[in-house]
Amino acid sequence: MKDTPQSNRRDFIKTSAVAAAASSLAFPTVTFGKPDSRKLKIGFIGCGGRGNGAADQALRADSNVQLWAMGDVLRSQVDTALKIFEKAHGDKVTVPETRKFSGLDAYQKVIESGVDVVILTTPPGFRPLHFKAAVEAGKHVFLEKPMATDAPGLRSVMQSVELAKKKGLAVVAGFCWRYDYARREFYKRIHNGEIGEVRSVYATYYTSPVKPMPADTARQAEWSDIEWQVRNWYNFVWTCGDGLVEQAVHSVDKVGWVMKDAPPLSCVAVGGRQQPNHSGNIYDHIEANYLFENGVRAFLGCRQQTGCYGENNDYILGSEGRAEISRGNVTIQNKAGLWRYEGRQANMYQVEHDEMYASIRDGQPINDGARMCTSTMMAIMGRMAAYTGQQVTWDMALNSQEDLFPKDIDWKSGKHQPPPVARPGAKEVVAAHQWKS
């Protein structure tokens, strides 16, 4: 592990403002608007389970790509993933010792190693920092959802999205349902009026915990606060954003899709923690209620508890019919009868990468930036409403000053005491946001 103190996100964003302006004039890695046939070198940052899946799909998406560099906070993650890729992809993988990086600065070294495309799949608390660095360096980016865990981070991502547009860089988000053929047809039909005007949406994300928090006795004496929290990233708000932001954001994204990605006016929510989580500080259930233009309401139930009913469905009511995603089936019921998708099927995770690389080759790179930011902000907004007990408007959410990222991000000695589980209505919880609208 690298034990050199790392600059925190605030310093990075502040000191790189001039560099951003200058780099916006630089030529992109792939010339915007012109076909490209070069071998594309891939840099992989965050070598965990979902990340390994994304890297594998990237290597399958194009015949002329090469896995060039890899980075993770833990060297063991790099080594394990590399063995898998070498076995599966042979000479498409050329990652010597000099291009294996570990530590909290691994992302910088991967980006600087000569890659053309980067895959960002670290815990989402780091996403704004990594995305900013990749875009400023002129790299195409695949980044997993969500895009940030707080409003300051999301605002940074929004700035990077605009810079990526100027540079002609591909930005593809891990909101995988947007790349599912059945759901594309489903939402297209809704937008074309097959259920009339949308009146309400009810989405569910009831599942078990992703990664339960171990007891404090599992912490090794030499681990800093930062190492302990990153190793258990799903249980801390600064690293994962809460279950609504990290996982149920897929359902939030589908709500946004129904509404043509127009942001909600406001949100109220309830939630809390019912099952033990030791030193973690995320809720294990949230019910968020969003208000849109014309009085349309969207309700989202999110729960991550063991031994409970599970469901991940979407129910949409319109003035002339209803639509439903239930147990993988997509249907629309209206006066013409029942429609069920029977068209082409494909692995949506693979489609994400297939379409990304095709767009780079065509010189017309995809940029998912606007909608990926709206969906992430909607999820953060729901968490804010649940944690504070307040009605939160879109402007309040987007302008919140609650910066969750630790000031001391050193892996070996970094100290960070996250706040306890939020108590709705508590003055200190509300004040943490320093609402500015």
Picked from segment 308-317 (must be under 23 Å from the mean Cα position of the chain (by Cα) and either in a strand (DSSP E or B) or modelled with pLDDT under 95 (or both)), the residue farthest from N277 (Cα to Cα) is D314
Enumeration of residues in segment 388-437 that are of a type in the set (S, T, Y) and under 21 Å from the mean Cα position of the chain (by Cα) | S400
Within the bounds of segment 286-307, is there any residue that is outside any strand (DSSP E or B), under 26 Å from A182 (Cβ atoms) and not small (G, A, S)?
-> yes
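Does R155 satisfy being charged (D, E, K, R) and more than 15 Å from the chain's Cα centre (by Cα)? First the steps, then the outcome.
Details: charged (D, E, K, R): yes; more than 15 Å from the chain's Cα centre (by Cα): no.
Considered against the rule, which asks whether it is charged (D, E, K, R) and more than 15 Å from the chain's Cα centre (by Cα), R155 comes out as no.
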Can you tell me how many residues in segment 166-181 are touching a Gly at 6+ places or on another chain (Cβ under 7 Å) and surrounded by fewer than 21 Cβ atoms within 10 Å (Cβ to Cβ)?
-> 1
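Of the residues N329, N334, which is surrounded by fewer than 18 Cβ atoms within 10 Å (Cβ to Cβ), modelled with pLDDT of 95 or more and of a type outside the set (A, V, I, L, M, F, W, C)? Before you say what the answer is, go through the steps one by one.
Numbers: N329 fails: modelled with pLDDT of 95 or more.
Answer to the check: N334.
When you scan segment 196-206, do you find a residue that is at pLDDT below 95 and either in contact with a strand residue (DSSP E or B) (Cβ under 9 Å, 6 or more places away or on another chain) or of a type in the set (S, T, N, Q) (or both), even just one? Give the derivation first.
The initial filter retains those residues of segment 196-206 that are at pLDDT below 95, namely none.
No; the residues of segment 196-206 include none that is at pLDDT below 95 and either in contact with a strand residue (DSSP E or B) (Cβ under 9 Å, 6 or more places away or on another chain) or of a type in the set (S, T, N, Q) (or both).
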Just to be sure, is T29 in the same structural domain as G125 (by TED's automatic domain parsing) and modelled with pLDDT of 95 or more?
-> no
Identity of the residue in segment 51-76, in contact with a Gly (Cβ under 8 Å, 6 or more places away or on another chain) and not β-branched (V, I, T), that ends up farthest from E97 (Cα to Cα) = A54
Could you please tell me which pairs satisfy a Cβ distance under 7 Å, a separation of 6+ or placement on different chains, a first residue in segment 274-288 that is assigned by TED's automatic domain parsing to the domain that holds R231 and closer than 18 Å to W233 by Cα, and a second residue that is among the acidic types (D, E) and surrounded by fewer than 18 Cβ atoms within 10 Å (Cβ to Cβ)?
-> H278/D216; S279/D216
Of all residues making up segment 312-337, the number that are in contact with a helix residue (DSSP H, G or I) (Cβ under 6 Å, 6 or more places away or on another chain) and among the charged types (D, E, K, R) = 1
Within segment 274-296, restricting attention to residues that are in contact with a Pro (Cβ under 7 Å, 6 or more places away or on another chain) and of a type in the set (F, W, Y), which residue is nearest to C308 (Cα to Cα)?
-> Y290
So which residues in segment 381-416 are among the charged types (D, E, K, R) and more than 20 Å from R155 (Cβ to Cβ)?
-> D408, D410, K412, K415
Flagged in segment 165-177 as part of a helix (DSSP H, G or I) and either aromatic (F, W, Y) or in contact with a Phe, Trp or Tyr (Cβ under 7 Å, 6 or more places away or on another chain) (or both), in numbering order, are C176, W177
Test A203 against the criterion of being over 22 Å from the mean Cα position of the chain (by Cα), more than 19 Å from W394 (Cα to Cα) and not assigned by TED's automatic domain parsing to the domain that holds P123, and give yes or no.
-> no
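Give the residues of segment 337-349 that are hydrophobic (A, V, I, L, M, F, W, C), under 23 Å from G196 (Cβ atoms) and surrounded by 13 or more Cβ atoms within 10 Å (Cβ to Cβ), sorted by residue number.
W339, the sole residue that qualifies.
The values are calculated or read from the model by the stated rules, or taken from the named source; none is laboratory data. Just so it is clear, the structure is predicted and the values come from calculations on it, not from any experiment. Here the Cβ is made from the backbone with ideal geometry for all residues, glycine too, and neighbour counts use every protein chain on show.
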